[in-house]
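The values are calculated or read from the model by the stated rules, or taken from the named source; none is laboratory data. Quantities reported herein were computed from a predicted structural model and do not represent experimental measurements. As a convention, Cβ positions derive from the backbone with ideal geometry for all residues, glycine included, and neighbour counts pool all protein chains shown. Calculation scope for accessible area: heavy atoms of the full protein, side chains included, ligands and nucleic acids excluded. Shrake-Rupley method; radii C 1.70, N 1.55, O 1.52, S 1.80 Å.
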Amino acid sequence: MLALGQWVVKGMLKSVQRAARGKRSFELPGGPDDERPLNERIKRFVLAKIDSGAWPEGYRVPSETELANAFGTARMTVHGALHDLAATGILTRRPGAGTRVAHRRPQSTLLEIRNIHDEIVERGHRHSAKVHRLSAETCDLETATELELAPGSAVFHSVIVHFEDDRPIQIENRFVRPAFAPRYLDQDFTRATPYEFLMKLGSLDEVEHIIQSLMPDRATRLLLKIPEGEPVLHVRRRTWSGGAVVSSARLIHPGSSYSLVGRFKVGRRATP
């Protein structure tokens with residue numbers, strides 16, 4: 001009987017321990033004194049799980065009933081929080097398939113210059129590139145104006161498609177001043193990006209971005225593998241070094257699966 005009693009006690013202790021672990025894993029941020037709405041705290045809980053890697057892409061989120069029981073709240077409160085996260089693309093919800101962590105939409109920084117290779121790797125994916133053009137050319141009036149050169153001047157021209165896990169996400173159509181990068185045509189841009197090479201040659205003084213949503217031509221659609229009728233996100237980026245324009249790049253992304261994001265601090269006197 002003693003052995004049986006010990007077995008029962010051990011079983012009860014394990015149940016209590018499991019319950020305690022479950023409670024800790026579903027603990028809302030802020031503690032009992034947090035005055036934020038419960039809906040907001042549940043959303044922050046889910047975001048923390050995703051950011052920490054505990055809930056990776058494709059992870060099936062516990063049901064509304066499970067979360068409601070864990071948080072001690074009504075199921076509709078949980079429903080509202082998950083619905084808001086799905087509306088922003090963080091979660092996906094399908095009848096019969098439950099709620100899952102959405103695959104992160106590729107995005108690029110808007111207000112700073114970064115290497116696309118680094119951005120892809122930081123998302124946990126693999127970067128590769130294919131060079132479609134790397135040549136010396138004489139520039140037309142449009143390119144000459146962008147680079148502040150005389151029409152007919154010699155420029156270096158590269159067209160490179162960047163891939164994220166074998167999916168094309170950017171066409172980099174770039175013109176470079178030969179005087180700034182005389183060995184540009186000697187580089188293997190499947191191993192290092194133009195960004196990496198150019199940044200070694202000199203610091204940037206100024207950057208200009210012009211962003212447009214455009215309908216692509218057939219050649220662009222084929223390179224990005226997008227259907228007819230899908231727009232592209234077109235960024236023209238000019239960079240200055242030593243007081244002169246050294247590069248002008250047209251960065252073209254699939255409009256349906258790419259976004260640009262910028263975040264910066266403003267002074268107290270700033271106005272919207």
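Before moving on, here are some points about what is shown:
- FRET efficiency, 1/(1 + (r/R0)^6) with R0 35 Å, evaluated for residue 236 and residue 87 via beta carbons: 0.65
- Net charge of neighbours whose Cβ lies under 11 Å from the Cβ of residue 225, counting Lys and Arg as +1 and Asp and Glu as -1: 0
- Residues residue 97 and residue 204, FRET efficiency given R0 of 41 Å [Cβ-Cβ distance, rounded to 0.05]: 0.30
- Chain lengthening between residue 159 and residue 140 when straightened (0.36 nm per residue, less Cα-Cα): 5.2 nm
- 13 Å beta-carbon shell around residue 181, net charge (K/R +1, D/E -1): +2
- Only protein heavy atoms count here; under a 1.4 Å probe, residue 149 has an accessible surface of about 50 Å².
- At a probe radius of 1.4 angstrom, the accessible area of segment 139-262 per residue rounds to 48 square angstrom.
- Rounded to the nearest 10 Å², the accessible area of residue 45 at probe 1.4 Å: 10 Å²
- Sum of side-chain charges, residue 209 neighbourhood, beta-carbon under 9 Å (Lys, Arg +1; Asp, Glu -1): +2
- Accessible area of segment 128-270 belonging to carbon and sulfur atoms, whole % at 1.4 Å probe: 50 percent
- Whole-number D in µm²/s for segment 117-223 (Stokes-Einstein; Kirkwood sum over Cα pairs; 20 °C, 1.002 mPa s): 139 µm²/s
- Extension gain for residue 52 to residue 196 (0.36 nm times residue separation, less C-alpha to C-alpha distance): 48.9 nm.
- In sequence order, calculated HN-Hα J values of segment 173-181 (Karplus, 6.51, -1.76, 1.60; Hz; x Gly/Pro): 9, 10, 10, 10, 5, x, 5, 7, 9
- Electrostatic dipole magnitude of segment 63-172 [Cβ: Lys, Arg +1; Asp, Glu -1; Cα centre; debye, to 20]: 780 debye
- Spin-label model, residue 179/residue 69: points 7 Å from Cα along the beta carbon direction are separated by 7.4 nm.
- Within the same chain, aspartates and glutamates fewer than 8 places from residue 130 are excluded, and of the rest, those with a Cα less than 20 Å from its Cα are 118, 119, 164, 165, 166, 172, 186, 188, 196, 217.
- Length gained on full extension, residue 222 to residue 256: 10.7 nm, using 0.36 nm per residue less the C-alpha separation.
- Accessible area of residue 213 (1.4 Å probe, protein heavy atoms only, ligands and nucleic acids ignored): about 90 Å².
- Order of exposure, largest accessible area first, which applies to 200, 130, 49 with probe 1.4 Å: 200, 130, 49
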